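Colleague: Below you will find the structure I want to go over with you.
The values are calculated or read from the model by the stated rules, or taken from the named source; none is laboratory data. This one's a predicted model, so the numbers in the text were calculated from it and none came from an experiment. Here the Cβ positions follow ideal geometry from the backbone for every residue, glycine too, while neighbour counts run over all protein chains shown.
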Amino acid sequence: MEGVATIEYVVGDITEQEVDVIVNAANSSLLGGGGVDGAIHRKGGPDILAECRALRAGHYGGGLKTGQAVATTAGRLRARWVVHTVGPVWSATEDRSALLADCHHNALRLAAELGAGSIAFPAISTGIYRWPVEDAARIAREATKNAPVDLVRFVLFDQRTYEAFARP
Ligand code: APR
């Protein structure tokens with residue numbers, strides 16, 4: 001992937017972002033959850049879940065695998081698409097970093113295929129999936145270098161996560 005994306009870091013709520021793609025930190029069921037996932041479905045409305053259900057009824061009958069990404073409508077959000085990706089659950093005994101990088105690479109590739117110019121990422125895996133924030137930030141920053149879009153915005157929910165991501 002080649003590009004010269006501008007990378008931004010902001011403290012905020014990802015569901016408020018006005019970008020082409022909002023990335024959801026989903027789970028393999030694609031049928032909703034807490035955290036970012038819950039917020040996206042709450043604010044985006046039922047059309048997102050309807051498309052997720054259709055995906056599960058079709059090509060994604062077994063669910064979405066960790067590290068993979070799939071797009072749906074963004075419903076009532078101020079975005080054109082939600083790209084759902086499944087981050088790895090943190091493990092102290094197994095290095096799953098490549099899967100966390102895959103989430104970013106696959107979301108970016110899908111965004112570019114859709115013709116998106118801008119994309120907002122949350123801090124994937126750092127909530128319910130317990131990935132240490134500094135390490136997740138390092139992986140996410142590395143994986144979004146040379147992104148094939150114009151703008152990558154990391155939307156961090158609290159100051160501590162923001163500082164981990166925005167630190168030079
Ligand atoms: N905007 C931006 N960031 C948010 C928001 C929001 N509205 N809500 C939560 N966050 C932050 C969390 O504080 C955390 O830093 O997003 C990061 C990721 O947290 P989670 O949403 O818990 O995602 P993850 O750790 O990848 O766990 C995924 O949680 O919601 C379920 O269905 C989802 O089972 C899956 C799991």
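Colleague: Taking region 69-104 on its own, how many of its residues are more than 25 Å from D13 (Cβ to Cβ) and in a loop (DSSP other than H, G, I, E, B)?
Modeller: 6
Colleague: Right, here's the next one. From the list A111, A98, pick out the single residue that is more than 12 Å from the ligand (Cβ to nearest atom), modelled with pLDDT of 95 or more, surrounded by fewer than 16 Cβ atoms within 10 Å (Cβ to Cβ) and of a type in the set (A, V, I, L, M, F, W, C).
Modeller: After ruling out the rest, the residue left standing is A98.
Colleague: I119: among the hydrophobic types (A, V, I, L, M, F, W, C) and assigned to a loop (DSSP other than H, G, I, E, B), yes or no? Let's see the steps before the verdict.
Modeller: Working: among the hydrophobic types (A, V, I, L, M, F, W, C): yes; assigned to a loop (DSSP other than H, G, I, E, B): no.
No: the conditions fail for I119.
Colleague: Please enumerate the residues belonging to region 114-150 that are loosely packed, with under 14 Cβ neighbours inside 10 Å and either within 12 Å of the ligand (Cβ to nearest atom) or on the phi > 0 side of the Ramachandran plot (or both).
Modeller: Once the filter is applied, which keeps residues that are loosely packed, with under 14 Cβ neighbours inside 10 Å and either within 12 Å of the ligand (Cβ to nearest atom) or on the phi > 0 side of the Ramachandran plot (or both), region 114-150 yields G115, R130, P132, N146.
Colleague: Can you tell me how many residues within region 44-55 are out of contact with any Leu (no Cβ under 6 Å at 6 or more places or on another chain) and within 14 Å of the ligand (Cβ to nearest atom)?
Modeller: Qualifying residue count, region 44-55: 2.
Colleague: Only residues in region 32-58 that are within 13 Å of L77 (Cα to Cα) and part of a helix (DSSP H, G or I) count as the first member; pair them with residues that are of a type in the set (D, E, K, R) and at pLDDT 95 or above, Cβ under 9 angstrom, at least 6 apart or cross-chain, and list the lot.
Modeller: From region 32-58, the pairs are A39/D13; K43/D13; K43/E16; K43/R76; G44/R76; D47/R76; I48/R76.
Colleague: Would you check if there is a residue in region 77-89 being among the small types (G, A, S) and either away from the ligand (no atom under 16 Å from the Cβ) or surrounded by fewer than 22 Cβ atoms within 10 Å (Cβ to Cβ) (or both)? Steps first, please.
Modeller: Filtering region 77-89 for residues among the small types (G, A, S) gives 79, 87.
Next cut, either away from the ligand (no atom under 16 Å from the Cβ) or surrounded by fewer than 22 Cβ atoms within 10 Å (Cβ to Cβ) (or both) only: none.
Taking every residue of region 77-89 in turn, none turns out to be among the small types (G, A, S) and either away from the ligand (no atom under 16 Å from the Cβ) or surrounded by fewer than 22 Cβ atoms within 10 Å (Cβ to Cβ) (or both).
Colleague: Being of a type in the set (D, E) and over 17 Å from the mean Cα position of the chain (by Cα): is that true of E8 here?
Modeller: Spelling it out, it is not the case that E8 is of a type in the set (D, E) and over 17 Å from the mean Cα position of the chain (by Cα).
Colleague: Going by the structure shown, is V23 out of contact with any Leu (no Cβ under 7 Å at 6 or more places or on another chain), part of a strand (DSSP E or B) and more than 9 Å from the ligand (Cβ to nearest atom)?
Modeller: Values: out of contact with any Leu (no Cβ under 7 Å at 6 or more places or on another chain): yes; part of a strand (DSSP E or B): yes; more than 9 Å from the ligand (Cβ to nearest atom): yes.
Yes.
Colleague: Sticking with this structure for a sec: State yes or no: is E163 part of a helix (DSSP H, G or I), surrounded by 14 or more Cβ atoms within 10 Å (Cβ to Cβ) and either charged (D, E, K, R) or in contact with a His (Cβ under 8 Å, 6 or more places away or on another chain) (or both)?
Modeller: Yes; evaluated as a whole, the condition is true for this residue.
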